[in-house]
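Read the structure below first, then the notes.
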Amino acid sequence: HLVSGYVNPLGVEGDKLVTFKIGDANSNNVSTNVPGLSFTGTKCLEEIDARNASSIRSISGLSDCTRLRSLKLIGTNITSVDIPSGSKIETLSLPSTIQQMSLKKLRHLSSITSDGYQNITTLLVEDCPGINALALSRAIMDGSNSFRTVRIIFVDTYNDSTGRALQTISEFSKGDYN
């Protein structure tokens, strides 16, 4: 348990650090007043668990964390996160406070969960074959009145025999999605 009184983000350093856990699935097990997390020199980091650490409003320094496989942020108050392009991330759980989602070259990403998409304004997905970017954008459109910008770049061939992809893209281009 961390003591109260933090005003600056908690600096996390360690070139051999593999797992960082400040949160838990059970909010009763979380007791911290840390306002943010700042990672430095954590190139071996594979997992960050900050679930239900509601005092956390920011996270930075993930650009060197290319071995990151799991990022658990549900229950925090983070509004944006820069996931390292090309990282090995497989699972991503985001809080409902997230406003911007940028997913680039995450070839191993297979699972995105959130406790709500109501605050997302921007979605960028590029070369993430393990997720259905159109289904994700559809879920965001259904859950957010603030959604304004979407950019999806398909690198692999996309096969949609139902025509749902074209319908979703059509709704974006018309600007009249209800």
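The values are calculated or read from the model by the stated rules, or taken from the named source; none is laboratory data. The model shown is predicted, which means the values in this text are computed figures rather than measured ones. All Cβ positions, glycine included, derive from the backbone under ideal geometry; neighbour counts span all protein chains shown. Heavy atoms of the whole protein, side chains included, go into the accessibility calculation; ligands, DNA and RNA do not. Shrake-Rupley method; radii C 1.70, N 1.55, O 1.52, S 1.80 Å.
Inside the stretch 59-79, residues that are assigned to a strand (DSSP E or B) and surrounded by fewer than 16 Cβ atoms within 10 Å (Cβ to Cβ) make up a count of 1. Scanning the stretch 8-21 for residues that are open to solvent by less than 50 Å² (accessible area, probe 1.4 Å) and touching a strand residue (DSSP E or B) at 6+ places or on another chain (Cβ under 7 Å), we see that the one that is modelled with the lowest pLDDT is L10. Filtering the stretch 109-132 to residues that are free of Cβ contacts under 8 Å to residues at least 24 places away in the same chain and either touching a strand residue (DSSP E or B) at 6+ places or on another chain (Cβ under 8 Å) or at positive phi (or both) leaves L109, S110, S111.
This table checks each residue for (1) in contact with a Pro (Cβ under 9 Å, 6 or more places away or on another chain); (2) under 14 Å from K21 (Cα atoms); (3) charged (D, E, K, R).
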| site | (1), (2), (3) |
| --- | --- |
| P35 | yes, no, no |
| I48 | no, yes, no |
| T79 | yes, no, no |
| K88 | no, no, yes |
| L94 | no, no, no |
| L103 | no, no, no |
| T121 | no, no, no |
| V125 | no, no, no |
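Within the stretch 31-45, residues that are without any contact (Cβ under 8 Å) to a residue 40 or more places away in the chain and under 13 Å from S60 (Cβ atoms) have Cβ atoms under 7 Å from residues that are of a type in the set (K, R) and open to solvent by 60 Å² or more (accessible area, probe 1.4 Å) in these pairs: P35/R57; G36/R57, counting only partners at least 6 apart in sequence or on another chain. Evaluation of T42 against the conditions (1) open to solvent by 10 Å² or more (accessible area, probe 1.4 Å); (2) at pLDDT below 95; (3) more than 27 Å from I153 (Cβ to Cβ) shows that the sole unmet condition is (1). Pairs are defined by a Cβ separation below 6 Å, a sequence spacing of at least 6 or placement on different chains, a first member in the stretch 64-80 that is in contact (Cβ under 8 Å) with a residue 24 or more places away in the chain and over 15 Å from Q118 (Cα atoms), and a second member that is open to solvent by 10 Å² or more (accessible area, probe 1.4 Å) and in a strand (DSSP E or B); the pairs so defined are S70/E47; S70/T91; K72/S93. Scanning the stretch 80-93 for residues being assigned to a strand (DSSP E or B) and either within 14 Å of C128 (Cα to Cα) or modelled with pLDDT of 95 or more (or both) gives a total of 3.
Apart from one condition, N26 fits all of (1) surrounded by 15 or more Cβ atoms within 10 Å (Cβ to Cβ); (2) within 17 Å of P95 (Cβ to Cβ); the exception is (1).
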